[in-house]
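The values are calculated or read from the model by the stated rules, or taken from the named source; none is laboratory data. The shown structure was predicted, so the numbers you read here are calculated from the model rather than taken from an experiment. Virtual Cβ from ideal backbone geometry, glycine too; neighbours counted across all protein chains shown.
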Amino acid sequence: MSNDSRRAFLFKSGLSLGGAALGGLVPGLGALSAARAAELLDPLAPKDPHFPAKIKSVIWLHQNGAPSTLDLFDYKPELIKRAGEDVPASFLKGIKTSTQGGVGKLFASKRKWKQYGDSGAWFSDLVPNLATHADTLTFIKSSVTVGATHDISILKLNTGDVNPGRPSLGAWVTYALGSANPALPAYVVLYNGEREPQAGSVNWSSGFLPAVYQGTPFRPGNSPILYLERPETRSVAQQRASLDLLKRLNSISAARYPGDTELRARIQSYELADRMQSAAPEAVDISKETDATKELYGLNDKTSESYGTVLLRARRLVERGVRFIQVVSGWPEGADTERQSWDAHSDLEKNHGLMTKMVDKPIAGLLTDLKSRGLLESTLVVWTSEFGRTSYGQSGNGRDHNPWGYTQWLAGGGLKAGFTYGQTDEIGLQVADQDKAVDTYDVHATVLKLLGLDHLKTTYLNHGRSERPTVVYGKVVDEILA
Amino acid sequence: MRKAALFLFASLAFAGGVRCADEDMDEDLMQSIEDTNKSLSSNLAVKDDRGSKEDAKELIQMFSKVEGYFAAKGNATDAVDLAKKSQQLTLDIINSVAAEDFDTALNASTTLSRACKTCHRSYKKDKDKDKS
């Protein structure tokens, strides 16, 4: 039997087996539904949501280091008035502070505030470009979380829990909906800066879900994935033959160990890598974008260039059907900054001046671009962070971590645009009404609902226990939904 | 003198032991509630009628102990109320399961988890303050 006919035989056998499996006729698999059988053959096969989805993709903008939303979106005249005073005891009730050097005096930065749009939402002078989208944004000004170190709170932001081992939101989405583009990963992680986000890959991990659902980090630059390019000394045909052999050998092991999800993921990833060799570089190649588009994203400015490039890539990935794009903010290339994130424990003025200059124009550009291409209706953009920052000062001119009340916002399909849910107290330290507090898993439940998924029914059996994205919590913030 | 010192040492050790045991019991109770709540969520998700009811009944007993603990402690009316509310919510879950309405039961279980969190917000921190 020649190689060709042997391959043809295997191919046809595979098709027959696949057909049988799709029909639910494979012995031992029982009367499986076609969808389930397809999932067994391809864990990334598209799956139906629980109900009609409002959006197709999510761009999850993690502002790493935790910005002071008090200096961006949450205008507090009382804080400005009381600046320099001790924090009144009534505002500290129910919270435990652990600020190094003790709780400082109430601190107001040198901001100018203005209302924008028909919604009259307040924006500071640090975000003039985002302010033009006042009527596009949906604010949650009663965000809360667990206050811990950045790494732990970032883990909670992405996985819903403070302990490692759980899948990230993007992994749950990929597991529940599959891939809409077989040539690209369904879940991509983007970042600007010189290295991967310091909180690490546990934040795009698939946890106890099969490994195939984890996020794929795309590096900045022309070669987004390490070792993806085919060596020059190897032809396409040689590579294909190697991959075919590898797949055959791996499939034998996979049949012997059907519970080995790592192996299943590896088989999948080799094939995906083969397809991605051409698809991924093309997806992130912004050379054919117009100068006007590049300027829209702030690529003409050194401070916003790297973040703008990442967001332009995010838009291109949305166009190509990528379900979940997790963007972690880094810092501007070559910036002279001690803290390479939003973590302004000191010198907030300098830090936030730089960081807002990095993100303001690119994010505003992304919203404008998505809208003009008719993509915003089917996309959800989320501004999120591991926590906010305190209304009292630290180190004289900085702010400490604040998990008790901060602002996050969403924009896109299925939302009440130009709407604000919840508020903080008069000085912006805690949420004003605990019944309106929105925790990380509530945001997750809401994002899932927009994707057509019921967080209570998005489940996975792990060692006999049914697990879900929202652990034992989760309440959809229905008030912000259109 | 030596006997007196030994007696004092033994008394202090005994008192310390009781105190530790008392604190440990609270921690264990809270841990058991957390574990049983997770188990309940899982059993409701897979529509395990029997498992759900067993977990819920255990939770009611444990919330009753929590109510008793805070009632005895005093100056914790909201914690007592939350413990009572948790018992009622768990009872609602049992009724929903009996009616095979697992969706309602699952929703009630998230409300129950929120009640736990609300209580922790005030009282878990008090304990931390004691430690520092």
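The table for this structure:
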{"quantity": "Qualifying residues in region A:464-482 (those that are within 19 Å of A:V162 (Cβ to Cβ) and of a type in the set (S, T, Y)) - the one farthest from the other protein chains (Cβ to nearest Cβ)", "calculated": "A:T470"}
{"quantity": "Subset of region A:204-240 [closer than 21 Å to A:P46 by Cα and assigned to a helix (DSSP H, G or I)]", "calculated": "A:W204, A:A211, A:V212, A:Y213"}
{"quantity": "Qualifying residue in region A:177-185 (condition: in the same structural domain as A:D343 (by TED's automatic domain parsing) and of a type in the set (S, T, Y))", "calculated": "yes"}
{"quantity": "Evaluation of A:Y392 against (1) in a helix (DSSP H, G or I); (2) over 21 Å from the mean Cα position of the chain (by Cα) (one fails), failing number", "calculated": "(1)"}
{"quantity": "Per-region count, region A:357-366, residues of a type outside the set (K, R) and surrounded by fewer than 24 Cβ atoms within 10 Å (Cβ to Cβ)", "calculated": "3"}
{"quantity": "Count of residues meeting criterion [closer than 23 Å to B:S122 by Cβ, without any contact (Cβ under 8 Å) to a residue 60 or more places away in the chain and surrounded by 11 or more Cβ atoms within 10 Å (Cβ to Cβ)] in region A:98-118", "calculated": "1"}
{"quantity": "Region B:36-69, residues that are under 17 Å from the mean Cα position of the chain (by Cα) and farther than 22 Å from B:Y123 by Cβ", "calculated": "B:S39, B:S41, B:E54, B:D55, B:A56, B:K57"}
{"quantity": "Residue count for region A:438-463, restricted to those that are within 9 Å of chain B (Cβ to nearest Cβ) and in contact with a strand residue (DSSP E or B) (Cβ under 9 Å, 6 or more places away or on another chain)", "calculated": "3"}
{"quantity": "Residue pairs meeting the criteria (Cβ under 6 Å; at least 6 apart or on separate chains; first at pLDDT 95 or above, in region B:79-107; second outside any helix (DSSP H, G or I))", "calculated": "B:F102/B:K47; B:L106/A:L456"}
{"quantity": "Considering residues of region A:260-298 that are among the β-branched types (V, I, T) and within 24 Å of A:K361 (Cα to Cα) only, the residue modelled with the lowest pLDDT", "calculated": "A:V284"}
{"quantity": "Of the criteria (1) touching a residue at least 40 places away in the same chain (Cβ under 8 Å); (2) in contact with a Ser or Thr (Cβ under 7 Å, 6 or more places away or on another chain); (3) surrounded by fewer than 23 Cβ atoms within 10 Å (Cβ to Cβ); (4) over 25 Å from A:L130 (Cα atoms), which one A:D454 fails", "calculated": "(2)"}
{"quantity": "Enumeration of residues in region A:404-430 that are over 20 Å from A:H133 (Cα atoms) and either of a type in the set (G, A, S) or buried (at least 24 other Cβ atoms within 10 Å of the Cβ) (or both)", "calculated": "A:W404, A:G405, A:T424, A:I427, A:G428, A:L429"}
{"quantity": "Of all residues making up region A:157-166, the number that are buried (at least 24 other Cβ atoms within 10 Å of the Cβ) and under 15 Å from A:G200 (Cβ atoms)", "calculated": "4"}
{"quantity": "Residue selected from region A:135-178 under the condition hydroxyl-bearing (S, T, Y) and out of contact with any Lys or Arg (no Cβ under 9 Å at 6 or more places or on another chain), by the criterion farthest from A:R323 (Cα to Cα)", "calculated": "A:T149"}
{"quantity": "Any hit, region A:409-425, residues being within 20 Å of B:T111 (Cβ to Cβ), away from chain B (no Cβ under 14 Å), among the aliphatic types (A, V, I, L, M) and not in a loop (DSSP other than H, G, I, E, B)", "calculated": "no"}
{"quantity": "When residues of region A:214-245 are limited to those that are closer than 16 Å to A:M276 by Cα and basic (K, R), the one surrounded by the fewest Cβ atoms within 10 Å (Cβ to Cβ)", "calculated": "A:R240"}
{"quantity": "Looking only at region A:47-96, and only at residues there that are under 15 Å from A:W409 (Cα atoms) and small (G, A, S), the one that is surrounded by the fewest Cβ atoms within 10 Å (Cβ to Cβ)", "calculated": "A:A66"}
{"quantity": "Members of region B:93-106 found to be within 9 Å of chain A (Cβ to nearest Cβ) and crowded, with 18+ Cβ neighbours inside 10 Å, listed by number", "calculated": "B:L106"}
{"quantity": "Qualifying strands (runs of 3 or more DSSP E) (wholly inside region A:68-150; at least 2 residues being in the same structural domain as A:D435 (by TED's automatic domain parsing) and touching a Ser or Thr at 6+ places or on another chain (Cβ under 6 Å))", "calculated": "A:137-143"}
{"quantity": "Sole exception among (1) more than 28 Å from A:Q198 (Cβ to Cβ); (2) surrounded by 17 or more Cβ atoms within 10 Å (Cβ to Cβ); (3) out of contact with any Ser or Thr (no Cβ under 9 Å at 6 or more places or on another chain) for A:K294, by number", "calculated": "(3)"}
{"quantity": "Any hit, region A:320-330, residues being part of a helix (DSSP H, G or I), over 19 Å from A:R195 (Cα atoms) and either under 25 Å from the mean Cα position of the chain (by Cα) or of a type outside the set (F, W, Y) (or both)", "calculated": "no"}
{"quantity": "Region B:24-75: number of residues that are more than 14 Å from chain A (Cβ to nearest Cβ) and outside any helix (DSSP H, G or I)", "calculated": "2"}
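Yes/no matrix, rows are residues, columns are (1) of a type in the set (D, E); (2) assigned to a loop (DSSP other than H, G, I, E, B):
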site	(1), (2)
A:P182	no, yes
A:V189	no, no
A:A199	no, yes
A:S242	no, no
A:P258	no, yes
A:Q268	no, no
A:E282	yes, no
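One line per residue, one yes/no per condition, for (1) under 30 Å from B:R114 (Cβ atoms); (2) surrounded by fewer than 24 Cβ atoms within 10 Å (Cβ to Cβ):
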residue: A:L137; (1), (2): yes, no
residue: A:I140; (1), (2): yes, no
residue: A:T149; (1), (2): yes, yes
residue: A:I154; (1), (2): yes, no
residue: A:L169; (1), (2): yes, no
residue: A:N181; (1), (2): no, yes
residue: A:E196; (1), (2): no, yes
residue: A:S206; (1), (2): yes, yes
